[in-house]
Amino acid sequence: MRSYFKASVAALGLVAAMTTGASADGHALSGDLVIFSDMSNPAPRAVMEGMVERFGEMHPDLNIELTIIDREAYKTQIRNFLTANTPDVANWYAANRMRPYVDAGLFEDISDVWADEELAGLASTKGAMTLDGKQWGVPYTYYQWGVYYRKDIYEELGLNEPATFDEMKSNCQAILDSGRKCYTIGTKFLWTAGGWFDYLNMRTNGYDFHSELMAGKHKWDSDEVRATFANWRELLDMGAFVDNHTSYSWQESLPFIVSGDAAAILKGNFAVPPLREAGLDDSKLDFYQFPSINADVELAEDAPTDTFHIPSGAANKDNAKAFLKFVVSAENQTMINAGDALGQLPVNANSSVDDDKFLKEGFEMLSSNSPGGVAQFFDRDAPAEMAKVGMEGLQEFMVKPDNLDKILARLDKAASRIYK
Amino acid sequence: MFPTPIEKSSPAAQLGYKILLPASLIVWLLPLIAVAVFSIKPDSDFTSGNYWGFPSSFEGLTNYGLVFGSDMPRYMLNSVLITVPTVIGCIILSSMTGFALGVYKFKANIWVFFMFVAGNFVPFQILMVPVRDLTLDLGLYNTIPGLVLFHIAFQTGFCTLFMRNFIRALPFELIEAARVEGISEVRIFWYVIMPLMKPALAALAVLIFTFIWNDYFWAVVLTQGVESQPVTAGITSFNAQFRAAYHLMSAGSIVAALPPVAMFFLMQKHFIAGLTLGAVK
Amino acid sequence: MADTAFTSSSANQQSWMKRNKLIITPWMFLLPGILFFAVYVIIPIFQSFYYSTLDWDGLGAAEYVGMANYAELWDDDAFYVSLRNNFIWLFLYLLAIPGGLTIALLLNQKVFGIRLYKSLFFFPFVISQVVVGLVFTWFYDPTFGLLNIILGWVGLGPINVLGDEAYVTYGIIAAGLWPQTAYCMILYLTGLNAVDPEQIEAGRLDGAKRLKMLWYVVIPQLKPATFIAFVVTIIGALRSFDLISIMTNGGPFGESRVLSFYMFEVALSEYGFRMGYGAAIAVVLFLIMLVFIASFLRSMYKEEKGR
């Protein structure tokens, strides 16, 4: 969506609060700034539009053009617009997911931005933005994954947050006996199944094995991976997941938990705003860390980092860099990640985590209870092509667990081509 | 006439026919009726599970208001800006090619004609990568002219087939007579043939309008933003914004589908004449 | 072409032009059309053949790999799934022809309001496939879709049409048949108008009734309509892309892909950008289509010669 932001009365209050951020950029910018964003869900959309508005207030002579593209469609379009019709700033994801564009020379090396002392607070995420010893973008948010569950249903059935896989299964059985499904999921766009695999595999085989598998250093048809699928199969055989999940996007799978037909969802914290919007307040919605399966491996978490990049073909790189600095500034980070905005975690150590139950719990979990490591996500840790084939296999497994041999063979075949 | 006119059959059969007709129409249009009903329902009907019941309140104005307050009008405008020039371009090019192939006898005639016909039937996918590259090289990627140029070129195949067959059926004596009078070929085209082609031009215009308006594949391949995407591609962005908001998605779909539908009902005669050219000898 | 005509001196040209005006004029009229068509359609076909021998991501340097893309296709399960679905599409899509004829026969009456009925039956054809896809996605929805409600009345279902690999292709084809049947219907309605009443009468006198009459007298006369219906339906079947893209995105686990969709996915999605491999898929699709194009042109050629 293209919007030209002009002064608006509502924005003035925010500007007053942001003046310190503005002065950090030194001088007012002029010219153009073209931004392509994938923040198309309602809450992120409002955040993106708000950021552009505030940045525009700081630089009244700057003509900002914002295009918001559907998040799923964006993934297929990014290659296109990085080569033609290039914007100055574009959203993307950290780690391996940005490698194809780095390798193709489509992202600008912005190590000089990172050299700025203002970015010292971002040290913890620097690794995820670094490939070949250089930085290729800045993060703007990250978020924990875990199980969001209906507290009221757990209370009604007398269940506690599970700490082990056995407890998880016995809870699930109780939920099933009450006529509900344990987990809702929508696998139409495949990646949601990747979350389940990440957790089951990290809990079964540990973070190191998982990340090596994603990097193509292990066979899919191995005892370790088979053990992961065997655990998953136990849940599938119980009937733990909602029916017909292949027909739904994740958004379309939310009504099941809202209506109480399903008791929980494994998801990133971005699921909280729409669930709250749909009427699940904190007395009904709660969070727990995915329980331990193999006691011998340390807990590890998925915490994907979302990012901004400057395409190498950008026309207004200086303006773009100023915008990136604005995005990661401590004040802005606090503001956009607050519970009433993105509802996620700030990447700047000098920002404060909003006083929100889920954010506090997630921040706590990631900083002190994830000794094994922190993964990005299935489709960000594996190369894009492998992720596609892999997630298709995971979706097929969820529907046809008996096809496991075929699926694993297919993944190994694809892997031998992709990781060559 | 076949089948036997119904008025010649028994009263019972006549009555049966009169019931069957509307009933089968309703079944036939059921999916569409459902969407129309969706589009005037309030949000709350969906959360409360009242998908198919009577709308608990009439929210048509709210829903359609939201559609028109979004990017949809811009997408519609893009569609118009893509469709109209394409129609004009196709008609100009193909009345010329149709004239050349329909009037003149020369050796290569049938092969040129077959080239147009065959090209008209190729799968889009074989053109996709080269056409995208070409459009990028011309600097027309993600622009309306980029899409228009391709559409004109591709539709020329079908339009030539159409025009040539139409001109073939015109009385050739007219042209002969004009030539005897010493009228130049260009003037024959303009003053003799063109006036006779009016019905064909109208039919073609309506048909191409519908084809191009409904194009999705090339819209996805050659454009990507709200500044150039037609409504078929825009509706997917609209839907992404309102995912699972069925009332709004329905209203958006109806708005997107409306122009060709209106065109069809207004220009029905031409439309059907265009589609069925060749269906009878 | 006629370029040589313009190289001679202008005086000569004048008389040369005059003498040869019946040769030059058609080429002058054809030139813009041929130029456009060549640049955007004919040349790209050959380019695609060439691209299919490359390993190329659309950006960097392309590497010539000979037949390697085709060799990979030969061993690609997703390719065979797509190919299989293409053939299912081809066969089932032809149901639009008898379907269209049936509706045309139903509507070929002269009762009050029949014109409106004809228009409304034809209506689905005018709607874009994107909207048809959306409409049918909701129709099939496993939770609230009308289809499952109706199945429920007769004690069947619920079935998850678009999420089950056994049904998904058929479900999409059914959605595609809706407008396609309307198209065939209109072709047959026009054809029925032109059926010779005398032959019908003659048939009646011979005692031919209903189906016999239809089969032996009417259908032969509808041959031109059937021919066109056949052509447009085959082409429609092989072009199926919009519906798949809208309704399932190729899923579940790639089971509803057809070649045209797979090609797009390989060449232009985030996971792809393998232009060479995509071009190879497109070439296969083109060759399948070529069989039909060739037979279509052959029958046209015969007809032209017959004039």
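Nothing in this text is a laboratory measurement; each read-out follows from the coordinates by a stated rule. Source: prediction; values computed, not measured. Don't worry about glycine lacking a Cβ; one is built from the backbone with ideal geometry, like all the others, and counts go over all protein chains shown.
Per residue of B:177-185, what is the mean number of Cβ atoms on other protein chains within 10 angstrom of that residue's Cβ?
1
Two-decimal Rg/Rh of the protein assembly as shown from alpha-carbon positions, Kirkwood Rh?
Result: Rg/Rh = 1.00.
How much mean residue ellipticity at 222 nm does chain B get from its helices, if each DSSP H run of length 4 or more adds -39500 (n - 2.57) and you divide by all residues, to the nearest 500 deg cm²/dmol?
Computed ellipticity for chain B at 222 nm equals -23000 deg cm²/dmol.
What is the sum of charges, Lys and Arg at +1 and Asp and Glu at -1, for the other residues whose Cβ falls under 14 Å from the Cβ of A:Gly105?
Here the count lands on -2.
For the stretch C:117-175 and the stretch B:13-64, what is the separation of their Cα centres, given in Å?
15 Å
Suppose each label sits 7 Å from its Cα in the direction of the beta carbon; what would the C:Met28-A:Arg99 distance come out to in nanometres?
6.3 nm
Calculate for chain C the 222 nm mean residue ellipticity that helices alone would give, adding -39,500 (n - 2.57) per DSSP H run of length 4 or more and normalising by residue count, nearest 500 deg cm²/dmol.
Rounded to the nearest 500, it is -21000 deg cm²/dmol.
When chain C is treated as a GNM, springs tying every alpha-carbon pair under 10 Å, which of C:Tyr188, C:Tyr216, C:Tyr277 comes out with the largest mean-square fluctuation?
In the Gaussian network model the winner is C:Tyr216.
Please name which of A:Ile418, A:Gly313, A:Phe241 has its Cα lying farthest along the dipole of chain A towards the positive end, using unit charges on Cβ (Lys, Arg +1; Asp, Glu -1) and the Cα centre as origin.
So the residue we want is A:Ile418.
Given the peptides A:51-57, A:198-204, C:206-212, A:127-133, arrange them by the average over their residues of other C-beta atoms within 10 Å, most packed first.
Descending packing order for the listed peptides: A:198-204, A:51-57, A:127-133, C:206-212.
Label C:Arg84 and C:Leu287 with points 7 Å out from Cα along Cα→Cβ: what is the distance between them in nm?
2.1 nm
Using Cα centres only, tell me the gap between the stretch A:99-164 and the stretch A:388-420 in whole Å.
Going from one Cα centre to the other spans 27 Å.
So which GluC sites (Glu not before Pro) in the stretch B:150-195 pass both tests, a DSSP loop state and at most 12 other Cβ atoms within 10 Å of the Cβ?
Passing sites in the stretch B:150-195 are B:Glu181.
B:Leu266 label point, 7 Å along Cα→Cβ, cut-off 14 Å on backbone N: hits in the stretch B:81-98?
Backbone N within reach: B:84.
Mind checking the full-extension length gain between B:Asn165 and B:Leu258? Use 0.36 nm per residue of separation minus the Cα-Cα distance, one decimal, nm.
Once the chain is fully extended between B:Asn165 and B:Leu258, it gains 30.4 nm.
Run the dipole for the protein assembly as shown about the Cα centre, Lys and Arg Cβ at +1, Asp and Glu Cβ at -1, nothing else charged, and hand back the magnitude in debye, nearest 20.
Rounded to the nearest 20 debye, it is 6080 debye.
Which whole-number percent of Cα pairs in chain A have a distance greater than 27 Å?
52 percent
So if I place +1 on the C-beta of Lys and Arg and -1 on the C-beta of Asp and Glu, and nothing else carries charge, what would the dipole magnitude of the stretch B:70-275 be about its Cα centre? I want it in debye, nearest 20.
340 debye
Can you give the FRET efficiency to the nearest 0.05 for B:Lys8 and C:Tyr216, using r as the Cβ-Cβ distance and R₀ = 35 Å?
0.95
Largest first and in whole Å, give the semi-axes of the stretch B:6-67's equivalent ellipsoid, each being the square root of 5 times a Cα gyration tensor eigenvalue.
Semi-axes (√(5λ), whole Å): 37, 12, 8.
Averaged over all directions, how much area does the convex hull of the C-alpha atoms of the stretch B:1-123 cover when projected, in nm²?
Average projection, Cα convex hull of the stretch B:1-123: 15.9 nm².
Among B:73-81, C:221-229, how do they line up from the highest to the lowest mean number of other beta-carbon atoms within 10 Å?
C:221-229, B:73-81
So if we plug the beta-carbon distance of B:Tyr17 and C:Ala38 into 1/(1 + (r/R0)^6) with R0 = 51 Å, what FRET efficiency do we get, rounded to 0.05?
Once rounded, the FRET efficiency stands at 0.45.
Label point 7 Å out from B:Glu176 along Cα-to-Cβ: which residues of the stretch B:94-110 have amide N under 16 Å?
Residues B:103-105 fall inside that zone.
Cα-based Rg of the stretch B:70-275 per 2.2 N^0.38 Å, rounded to two decimals?
1.18
Give, rounded to the nearest 20 debye, the magnitude of the charge dipole that the stretch C:76-306 has about its Cα centre when Lys and Arg contribute +1 at Cβ and Asp and Glu contribute -1 at Cβ.
Here the size comes out at about 820 debye.
Picking from B:Ile212, B:Ile91, B:Ile254, which is most flexible by a Gaussian network model of chain B using Cα springs under 10 Å?
It is B:Ile254.
If you build a Gaussian network model of chain C, linking Cα atoms that sit under 10 Å apart, which residue out of C:Leu107, C:Leu192, C:Leu120 swings the most?
Result: C:Leu120 has the largest fluctuation of those listed.
Can you pull the one-decimal nm distance between simple spin-label points at B:Asp137 and A:Ser259, each 7 Å off the Cα toward Cβ?
Inter-label distance under the simple model: 5.5 nm.
Can you tell me, using C-alpha contacts under 8 Å and at least 6 residues apart, the relative contact order of chain B as a whole percent?
Reported relative contact order: 29 percent.
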